[in-house]
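As structure tokens, the structure follows; a few thoughts come after it.
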Amino acid sequence: MQYWVIPPKEDAEFVARMEDVLEVYERPHDPQQPVVCMDEQPVQLVKETRESLPATLGQPQRVDYEYERAGTAAVFMFCEPLSGWRQATARKRRTKVDWAQEVAALLEGPYAGCDKLCLVLDNLNTHTPGAFYEAFDPARARDLVRRIEFHYTPKHGSWLNIAENELSAMTRQCLSGRRIGDLDTLRAEIAAWTTDVNARQRGVDWQMKIGDARRKLKSVYPKNLF
């Protein structure tokens, strides 16, 4: 059995959100209104229970099969596809407040000089303008929200979020097959991955346009349109 993200059939709401995101991806790079994608995922923290044996000339590193679960953490991924920039951070949780604080750190940090952030993200119940009012005083929350242009991917359409691809790459290249037992170590590892990838990778060349979607995904569009 294989798991797939299966798009719905004849779903006008899916189409509307899909075309909205695709239209955003067709915009030319604008430093004052950059397109930034974000996604998040939980990570299981795992501690070693016995010290591993280092690799030698004739033996690989040997790690004991036994381990200890040490709770979970949440990784937040932000990426600007056209500039080739990404940032991965980690927190204990992924609540509304956590998400709002992460976005605020972007708006008041690397994007402090931008007029507006065009944010592409999944339509989770934590990804709302109201989250900023739970995290900050009303004046600061309003200042932050007015600088965000929200673009939500459709349900069952997470493949439209470029940040999901970045998360998948980070998981394979940095986390897969490793035991990381605490939040500080996780933060250090994903920060090192971010620095390395930003230094050597170009921007994302997104190929699918609205016209391509209308030709290739006809089953998603209401039939009365064709």
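Listed values, structure above:
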quantity: Kirkwood Rh in Å, taken over all unlike Cα pairs in region 82-174; calculated: 14.3
quantity: Within-14-Å neighbourhood charge of V24 [Cβ basis; K, R +1; D, E -1]; calculated: -3
quantity: DSSP-defined antiparallel bridges as percent of all bridges, the chain, nearest 5; calculated: 70
quantity: Paramagnetic reach from V46 (point 7 Å along Cα→Cβ, amide N under 15 Å) across region 164-199; calculated: 171-182, 186
quantity: Cα long-axis angle, helix 96-107 against the chain (0 to 90 degrees, to the nearest 10); calculated: 80
quantity: Evaluated over region 126-191, the Cα radius of gyration and Dmax, each in Å; calculated: 16.5, 45
quantity: Relative intensity, log₁₀ I(q)/I(0), of the chain from a Debye sum that treats every alpha carbon as a point, q = 0.08, 0.13, 0.16 Å⁻¹; calculated: -0.36, -0.87, -1.18
quantity: Residues of region 145-162 with amide N under 13 Å of a point placed 7 Å along Cα→Cβ from D30; calculated: 148-150
quantity: Derived scalar couplings ³J(HN,Hα) [region 167-180; Karplus, 6.51 cos²θ - 1.76 cosθ + 1.60; whole Hz; x for Gly, Pro]; calculated: 4, 4, 5, 4, 4, 5, 8, 10, 10, 4, x, 10, 10, 10
quantity: Environment charge at C174 (Cβ cut-off 15 Å; Lys +1, Arg +1, Asp -1, Glu -1); calculated: +3
quantity: Separation in nanometres of the label points that stand 7 Å from Cα toward Cβ, at D143 and K155; calculated: 3.7
quantity: Extended-chain gain in nm, criterion 0.36 nm per residue less alpha-carbon gap, D182 and N125; calculated: 17.8 nm
quantity: Relative contact order (%) - criterion: Cα under 8 Å, at least six apart; region: region 77-212; calculated: 36
quantity: Sequence-distant residues sharing a close amide H with R93 (under 5 Å, placed H); calculated: A74
quantity: For W85, residues with placed amide H under 5 Å, excluding near neighbours; calculated: E80
quantity: Region 116-226 shape via C-alpha gyration tensor axes, a/c threshold 1.5; calculated: oblate
quantity: Length added when fully stretched, V97-A12, from 0.36 nm per residue minus Cα-Cα; calculated: 27.4 nm
quantity: Amide proton proximity set for G181, modelled H, under 5 Å, gap of 5+; calculated: V46
quantity: Karplus (6.51, -1.76, 1.60) ³J(HN,Hα), θ = phi - 60°, over region 8-14, in Hz, Gly and Pro reported as x; calculated: x, 10, 6, 10, 5, 5, 4
quantity: Out-of-range pairs (alpha-carbon distance over 27 Å; input K116/K209; K9/K116; K96/K209; K155/K209); calculated: K9/K116; K96/K209
quantity: Estimated [θ] at 222 nm from DSSP helical runs (n ≥ 4, -39500 (n - 2.57)) normalised by residues in the chain, nearest 500; calculated: -10000 deg cm²/dmol
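Coordinate-derived values only; no laboratory data. Predicted model, so just to flag it, every value in this text is computed and none were measured. All Cβ positions, even for glycine, are placed from backbone atoms using ideal geometry, and neighbour counts span all protein chains on display.
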